[in-house]
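Let me begin by handing over the structure; questions about it come next.
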Number of protein chains: 2
Amino acid sequence: MAAKKPQSQSAEDRLIARHFKPIARHPGAFGLVDDAAVLGTPPGHELVLTVDAIVGGEHYFPDDPPDAVARKALRVNLSDLAAKGAQPAGFLLSLALPKSVNENWLKSFARGLSADAKRYGCPLLGGDTVRTKGPVMISVAAFGTLPAGTMVRRTGAKVGDHVVVTGTIGDAALGLKLRLQPATARRWKLATKQRAHLAARYLVPEPRNALAEVIRTHASAAMDVSDGLVGDLTKLCAASGVAAEVEVARVPLSAAARAALSAEPKLIESILTGGDDYEIVATVPPGKLATFRAAAKAAGVPVSALGRVVAGKETRFLRPDGKPMKFARGSFSHF
Amino acid sequence: MAAKKPQSQSAEDRLIARHFKPIARHPGAFGLVDDAAVLGTPPGHELVLTVDAIVGGEHYFPDDPPDAVARKALRVNLSDLAAKGAQPAGFLLSLALPKSVNENWLKSFARGLSADAKRYGCPLLGGDTVRTKGPVMISVAAFGTLPAGTMVRRTGAKVGDHVVVTGTIGDAALGLKLRLQPATARRWKLATKQRAHLAARYLVPEPRNALAEVIRTHASAAMDVSDGLVGDLTKLCAASGVAAEVEVARVPLSAAARAALSAEPKLIESILTGGDDYEIVATVPPGKLATFRAAAKAAGVPVSALGRVVAGKETRFLRPDGKPMKFARGSFSHF
């Protein structure tokens, strides 16, 4: 290597300046020139902090479009902020890249990240980029704000509360099955549009940030559904020291999921336990259900009431005959 | 798989409860029961945010003691907070684990993390644990507090300021060389204690958090030295629109580094550009140098003045004969 003058930019600095500096629009990001960012909170407010990582080959397919990968990495965190009742304030990005990742991948990745940072009002505050001999890993730490002391926790569910969930459940789990075995679509008798719907729901979540303020002001407990409705509601109830009884028939399904389920009734287990929904499950006191419904409608987010919080330790999903379902696995886990 | 009731804890939940819950002592961590944490700042203060990741086989050796790996992961971030003048407030941990990582590794890792979280007053606020088919990756997002608007940036260096650095430079780079080629120690004629000093400096950084308040109140610009003094000072000066002239003879060296350098004079290049020092390089206005020195002494942190900030674009490291050194590479980069 020829002797040269010290450079003011390393290869990593140049990568950051090229791809990520344009996304760092928050004044506290200082255009990523510094090695730290600053973030203030309005008086009387505090920060909600969450971190979620995704790994190539574990949480997405290595050949997924890079912009979709970026969106997923950010949105799984936005979903946590929404479920806690917080408004997005910004995020830090930690990116481990193998040498196989090229400029085009990074360009597309940064484009997806930039679009969602703008869409959700959640600017990039800073980051770190490192080399790995393994798969791509993307870790996002996301920050939201809310009035101090008002974060919606998992622990506040009370006996008698309604169990509610946003959107539809099971689409992403079915989308993953289709991705792994495309021939399944024929067995499920899915229309092209239905296939596309399920595939899209797995590829990129649609976090419910529009509902954050409604959750914060109405829910006694909430969390986002990332590891399956059964497992996540069971966790929420356990954290609250209660249980729940849910009517399986009231779990909201998309037209595509209904079609698949009608062709293959045993899919109900995948739908309820498969994960990657990124909807919000919440408990709402009886006196607040009507205003919750109205506020959700005003926010444009569909919500369904599925059952009630009860005393006890066993959260049950009841069939139309009133008998509780048994599940091969309660919740999705990469471990 | 036998049918079973839904569980309220996944394998990941159990891992977290076993190893990381005891470290999450901050009230806003809610004992890691929730999927988010809350963090407030004192009135008139704001948060400094930083993120740094380390990867097995890139930033540490896979057979390094797990407690040392945990300390390194946290301390490289604490070092950033110190250089920005912030007091540690907490951190989020994102951990990608291959199946080869066992309970003993995790136990030791958590022990090291716990000890440093306590030592530096920087509690675990939350985290995420994911599977990877690649090496271990540990990403830490760390948060500090300081009075709003007072973060010490890279951009404030002014012509005439003194260039100062904490501790000693080059130890970690030499420690890494020893680790890669243990026989080198004989060529360098190192005593056992000197070998151990260099090895320890590479294994676990000693971030200068004791100096954070002194940096905040005295420095016009600062950053931590992670990619080599030459490259990092060059970056700081470029960000400030100035240059610096440093006398190489005034760069502080440990007894071990002096011994190695005397046996092999060309090591000066590794010492100045090798990285992993985790000292702080700062610029201090002439009128503040005396009080800076006194305050650093009171904080127990050795500091050295190396040269001055000058006009221009080329930061130079001058030999005793006044001629600028040339470097094969200006700064360490994993890219």
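The values are calculated or read from the model by the stated rules, or taken from the named source; none is laboratory data. What you see is a predicted model, and the numbers here were worked out from it, not measured in a lab. Cβ: placed from backbone, ideal geometry, glycine included. Neighbour counts: every protein chain shown.
Can you find a residue in the range B:125-138 that is over 18 Å from residue B:203 (Cα atoms) and within 13 Å of the chain's Cα centre (by Cα)?
no
Go through the range A:237-260 and give me each residue that's crowded, with 23+ Cβ neighbours inside 10 Å and either hydroxyl-bearing (Ser, Thr, Tyr) or assigned to a strand (DSSP E or B) (or both).
Matches in the range A:237-260: A:244, A:246.
Here's another thing I want to ask about it. Just one of the numbered conditions (1) within 12 Å of chain A (Cβ to nearest Cβ); (2) outside any helix (DSSP H, G or I); (3) surrounded by fewer than 24 Cβ atoms within 10 Å (Cβ to Cβ) is not true of residue B:30; which one?
Here residue B:30 meets the rest and fails (2).
Output the number of the condition that residue B:17 fails; it satisfies all remaining conditions of (1) more than 7 Å from chain A (Cβ to nearest Cβ); (2) of a type in the set (A, V, I, L, M); (3) surrounded by 19 or more Cβ atoms within 10 Å (Cβ to Cβ).
Only one criterion in (1) more than 7 Å from chain A (Cβ to nearest Cβ); (2) of a type in the set (A, V, I, L, M); (3) surrounded by 19 or more Cβ atoms within 10 Å (Cβ to Cβ) is unmet by residue B:17, namely (3).
Among the residues that make up the range A:228-236, is at least one of them outside the structural domain of residue A:116 (by TED's automatic domain parsing), part of a loop (DSSP other than H, G, I, E, B) and surrounded by fewer than 23 Cβ atoms within 10 Å (Cβ to Cβ)?
Checking the range A:228-236: not a single residue is outside the structural domain of residue A:116 (by TED's automatic domain parsing), part of a loop (DSSP other than H, G, I, E, B) and surrounded by fewer than 23 Cβ atoms within 10 Å (Cβ to Cβ).
Moving on to the next point. Whether any residue in the range B:95-106 is part of a strand (DSSP E or B) and in contact (Cβ under 8 Å) with a residue 40 or more places away in the chain is what I want to check.
Among the residues of the range B:95-106, at least one is part of a strand (DSSP E or B) and in contact (Cβ under 8 Å) with a residue 40 or more places away in the chain, which makes the answer yes.
Here is a further query. For residue A:24, work out the one condition from (1) touching a helix residue (DSSP H, G or I) at 6+ places or on another chain (Cβ under 6 Å); (2) surrounded by fewer than 24 Cβ atoms within 10 Å (Cβ to Cβ) it doesn't fulfil.
That leaves (2) as the condition not met.
Can you find a residue in the range B:248-256 that is in contact with a His (Cβ under 7 Å, 6 or more places away or on another chain), in contact (Cβ under 8 Å) with a residue 12 or more places away in the chain and of a type in the set (S, T, N, Q)? Working first, answer last.
Within the range B:248-256, the subset in contact with a His (Cβ under 7 Å, 6 or more places away or on another chain) is B:254, B:256.
So of that shortlist, the ones also in contact (Cβ under 8 Å) with a residue 12 or more places away in the chain come out as B:254, B:256.
Then drop every residue that is not of a type in the set (S, T, N, Q), which leaves B:254.
Yes, the conditions are met somewhere in the range B:248-256.
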